[in-house]
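See below for the structure under consideration.
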Amino acid sequence: MPHPTPEDQLPPTSRSLPRAKPPEPAALARSFDAVAAQYAAARPGYPPALFDAVEELAGRSLAGARVLDVGAGTGIATGLLAGRGARVTAVEPGAAMAAELRAAHPGTPLVRALGDALPFSDDAGFDLVGYAQAWHWTDPARSVPEAMRVLRPGGALALWWNIPDPDVGWAAEQEARIARRLPGYHRHGVSLEAPDLIRGLGLGLEPASRVLHWTRTVPLGTHLAMLGSRSYFSAIGPAAAAPVLAEERAALLEVFPDGVVEEAYVLDLTVTRRPPASP
């Protein structure tokens, strides 16, 4: 398997790729509406083992549970949670992402709001507040207290995200290539350290964590569309993203000459329970 090539050894066509100015964090957070349909079509879902682990750490079945899916995006997790029997309410700030969710799950209640300011009363009594790929867009000092506020006593906050498996050679090499091409690119594959962040809030919460590994096999075009739906690519726009994705296509065909990519993911899960009511 090829190893990452130092930039001074890259071929001239690769060295001359245009470099986009790094987008600001706020622009990254707002960028998904521009690629909402692509996001819905190309992003990975989550394996059944994730929801088994959520149930174990939350201490209850998802069947019949009142679940708030915050940062629900196009509804990837929304549909899987509903498939486990949960009664899901989706929260999504982006208009285009919300439109995709409504189209895919027309019967699901949907609220346009941010995770830092949930528009629900203190006695909302949700059994689970979940974030799939979305918690890192919030301010933990605000979003965690908000989740605890709308949970029932003993309810749970569950955070999870797929990241490319850094122990799989081609995936690590891809992240390194993209980081060299795009200044300020956030390299996937680094844990968001959610447990430490939650403990550091001083709320007396004790999160529990699990790490799962899983794969999916997709056509090369779907894999490239998945990359293009990441916030950095969507924020810099298609003209700046196109040459980087073209370089990825060429590099990946050396690893997957049949044009079928086995994506390998690490799935980080953190579950934090709200303390039960005092007797």
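The values are calculated or read from the model by the stated rules, or taken from the named source; none is laboratory data. If you're wondering where the values come from, they're calculated on a predicted model, not measured in any experiment. Positions of Cβ are backbone-derived with ideal geometry, glycine not excepted, and every protein chain shown enters the neighbour counts. Surface accessibility is based on the protein's heavy atoms, side chains included, excluding ligands, DNA and RNA. Shrake-Rupley method; radii C 1.70, N 1.55, O 1.52, S 1.80 Å.
List of remarks:
- Screening residue 201 against (1) open to solvent by 20 Å² or more (accessible area, probe 1.4 Å); (2) part of a helix (DSSP H, G or I) leaves a single unmet condition, (2).
- Residues that are part of a strand (DSSP E or B) and in contact with a helix residue (DSSP H, G or I) (Cβ under 8 Å, 6 or more places away or on another chain), drawn from the range 260-279: 260, 261, 263, 264, 267, 268, 269, 270, 271, 272, 273
- Flag for residue 124 being touching a helix residue (DSSP H, G or I) at 6+ places or on another chain (Cβ under 6 Å), open to solvent by less than 30 Å² (accessible area, probe 1.4 Å) and part of a loop (DSSP other than H, G, I, E, B): yes
- All of (1) part of a helix (DSSP H, G or I); (2) open to solvent by 30 Å² or more (accessible area, probe 1.4 Å); (3) in contact with a strand residue (DSSP E or B) (Cβ under 9 Å, 6 or more places away or on another chain); (4) within 23 Å of residue 60 (Cα to Cα) hold for residue 136 with one exception: (4).
- Single unsatisfied condition, residue 230 versus (1) of a type in the set (Lys, Arg); (2) farther than 13 Å from residue 170 by Cα; (3) at pLDDT 95 or above: (3)
- Close Cβ contacts (under 9 Å, 6 or more residues apart or on different chains) running from residues in the range 115-129 that are touching a residue at least 60 places away in the same chain (Cβ under 8 Å) and among the charged types (D, E, K, R) to residues that are assigned to a loop (DSSP other than H, G, I, E, B) and open to solvent by 60 Å² or more (accessible area, probe 1.4 Å) comprise 127/60.
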